[in-house]
1. Go through the residues of region 5-15 one by one and say whether even a single one is at pLDDT 95 or above and either farther than 19 Å from VAL182 by Cα or part of a helix (DSSP H, G or I) (or both).
2. Scan PHE162, PHE170 and give me the residue that is within 13 Å of the ligand (Cβ to nearest atom), in contact with a strand residue (DSSP E or B) (Cβ under 7 Å, 6 or more places away or on another chain), over 24 Å from LEU36 (Cβ atoms) and not basic (Lys, Arg).
3. Test VAL116 against the criterion of being hydrophobic (A, V, I, L, M, F, W, C), farther than 17 Å from SER17 by Cα and within 15 Å of the chain's Cα centre (by Cα), and give yes or no.
4. Filter region 51-82 for residues that are of a type in the set (Lys, Arg) and touching a residue at least 24 places away in the same chain (Cβ under 8 Å); which is surrounded by the most Cβ atoms within 10 Å (Cβ to Cβ)?
5. Go through region 51-81 and give me each residue that's away from the ligand (no atom under 13 Å from the Cβ) and of a type in the set (Val, Ile, Thr).
6. How many residues are loosely packed, with under 15 Cβ neighbours inside 10 Å and either among the hydrophobic types (A, V, I, L, M, F, W, C) or touching a Leu at 6+ places or on another chain (Cβ under 9 Å) (or both) if we restrict to region 153-170?
7. Would it be correct to say that THR115 is at pLDDT 95 or above, within 9 Å of the ligand (Cβ to nearest atom) and either assigned to a helix (DSSP H, G or I) or surrounded by 19 or more Cβ atoms within 10 Å (Cβ to Cβ) (or both)?
8. Could you count how many residues in region 24-50 are more than 15 Å from the ligand (Cβ to nearest atom) and either surrounded by 15 or more Cβ atoms within 10 Å (Cβ to Cβ) or modelled with pLDDT under 95 (or both)?
Amino acid sequence: MPGLFISLEGIDGSGKSTQGRRLAQALHDGGHSVTLTREPGGSPGAEEIRRLVLEGATDRWSAETEILLFTAARRDHLEKTIRPALARGEIVITDRFADSTRIFQGITRGDLTETVDRLHALMIGVEPDLTLLFDLDPAKGLARATARAGAELRFEDMGLAFQTRAREGFLSLASRHDRFRVIDADADPDTVSARVWQAVAPHLG
Ligand code: TMP
């Protein structure tokens, strides 16, 4: 597949969405064609699934049911948005991808790693070329995330211990795969953007 596939990962409130918008703009200004997208969502069908998984009570779905819903959303996103954009030779930046399922469903509420990995192999089967992990103290992240108004707080409502396990899980995953770059996200937005650019620039043709 031509194009470049970048994912942004991290705990809630890590600043990755702001940085995604900044990165997309910088790449666009540099003459690149960019698709900035997100998960869960990024296609009309997957955005409908987004509402189901991000709104409502924390015990609305089991971790197993969530794996199916997030994977269904991801499959639609891949078919309708990601693959077509990569085929056009674009840079695709997705705000979350399969690593979020590996962490949030695979390890934070018991060990469901094998279930996540098998379903991923069966239904998704691709990894990003580059994954930027925005790393931040979970207490700071949670304070930022819960300060945002809105209904999409199901995962934030799972609390600090949950976000702490997620951070540890992300760092451990990053240490095991070459495609990761860990970005220290505890700085002002301009400083973080400069760190992001340093990580992305070597991948530009
Ligand atoms: P966001 O706040 O970055 O938009 O992400 C929405 C929430 O969805 C976030 O709390 C993490 C959660 N999530 C999962 O639990 N599993 C997944 O596979 C994805 C993509 C997101």
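1. For region 5-15, residues at pLDDT 95 or above and either farther than 19 Å from VAL182 by Cα or part of a helix (DSSP H, G or I) (or both): absent.
2. Of PHE162, PHE170, the one residue that is within 13 Å of the ligand (Cβ to nearest atom), in contact with a strand residue (DSSP E or B) (Cβ under 7 Å, 6 or more places away or on another chain), over 24 Å from LEU36 (Cβ atoms) and not basic (Lys, Arg) is PHE162.
3. The answer is no for VAL116.
4. Ranking the qualifying residues of region 51-82, first place goes to ARG74.
5. THR81
6. 3
7. Considered against the rule, which asks whether it is at pLDDT 95 or above, within 9 Å of the ligand (Cβ to nearest atom) and either assigned to a helix (DSSP H, G or I) or surrounded by 19 or more Cβ atoms within 10 Å (Cβ to Cβ) (or both), THR115 comes out as no.
8. Total meeting the criteria: 6.
The values are calculated or read from the model by the stated rules, or taken from the named source; none is laboratory data. Predicted, not measured: the structure shown is a model, and the values here were computed from it. Quick reminder, even Gly has a Cβ in these numbers, built from the backbone with ideal geometry, and neighbours come from all protein chains shown.
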